[in-house]
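A short worksheet on the structure shown next.
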């Protein structure tokens with residue numbers, strides 16, 4: 001099933017699946033239940049991003065579990081939404097002490113995790129060089 005993959009690849013795959021499924025589930029739930037709570041356009045954009053990373057997270061988890069190459073594209077969409085939401089939320093929902101640096105830090109931390117999941121999706125869905133099979 002995962003021939004040619006190291007234990008590190010398999011571990012990253014499992015962690016990525018868990019994170020995609022978790023953020024997907026929470027994102028869909030929060031996106032639906034929190035829509036009416038936003039007062040500004042920025043707050044609504046955060047809620048929309050949360051819903052989008054929920055949907056793309058679940059779709060990506062399914063695709064990555066099945067090791068489908070298209071899951072790389074949905075993981076990129078998930079990465080964009082999951083990176084956008086925390087930084088904008090700091091500024092849209094924060095108090096007067098919220099700083100641009102805090103917003104960048106929130107998005108940067110999330111982007112690092114997203115890059116790891118993107119790497120995993122790329123490695124685990126590319127064609128295996130030895131067999132030509134989709135791995």
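For the range 71-107, how many residues are within 19 Å of residue 23 (Cα to Cα) and in contact with a helix residue (DSSP H, G or I) (Cβ under 8 Å, 6 or more places away or on another chain)?
Residues that pass the stated criteria total 20.
What residue, of 10, 14, is without any contact (Cβ under 8 Å) to a residue 24 or more places away in the chain, farther than 17 Å from residue 81 by Cα and touching a helix residue (DSSP H, G or I) at 6+ places or on another chain (Cβ under 9 Å)?
10
Inspect the range 90-99 for any residue being without any contact (Cβ under 8 Å) to a residue 12 or more places away in the chain, under 16 Å from the mean Cα position of the chain (by Cα) and exposed (fewer than 15 other Cβ atoms within 10 Å of the Cβ) and give the result as yes or no.
So far as the range 90-99 goes, no, none of its residues is without any contact (Cβ under 8 Å) to a residue 12 or more places away in the chain, under 16 Å from the mean Cα position of the chain (by Cα) and exposed (fewer than 15 other Cβ atoms within 10 Å of the Cβ).
Could you list, ordered by first residue, the pairs with Cβ atoms under 8 Å in which the first is in the range 77-88 and on the phi > 0 side of the Ramachandran plot and modelled with pLDDT under 95 and the second is in a helix (DSSP H, G or I) and buried (at least 20 other Cβ atoms within 10 Å of the Cβ), at least 6 apart or interchain?
Between residues of the range 77-88 that are on the phi > 0 side of the Ramachandran plot and modelled with pLDDT under 95 and residues that are in a helix (DSSP H, G or I) and buried (at least 20 other Cβ atoms within 10 Å of the Cβ), there is no close pair.
So how many residues does the range 34-76 have that are within 14 Å of the chain's Cα centre (by Cα), under 14 Å from residue 124 (Cβ atoms) and crowded, with 17+ Cβ neighbours inside 10 Å?
Adding up the residues that qualify gives 8.
The values are calculated or read from the model by the stated rules, or taken from the named source; none is laboratory data. Computed from a predicted structure; not experimentally measured. Note: ideal-geometry Cβ built from the backbone for every residue, glycine included; neighbour counts use all protein chains shown.
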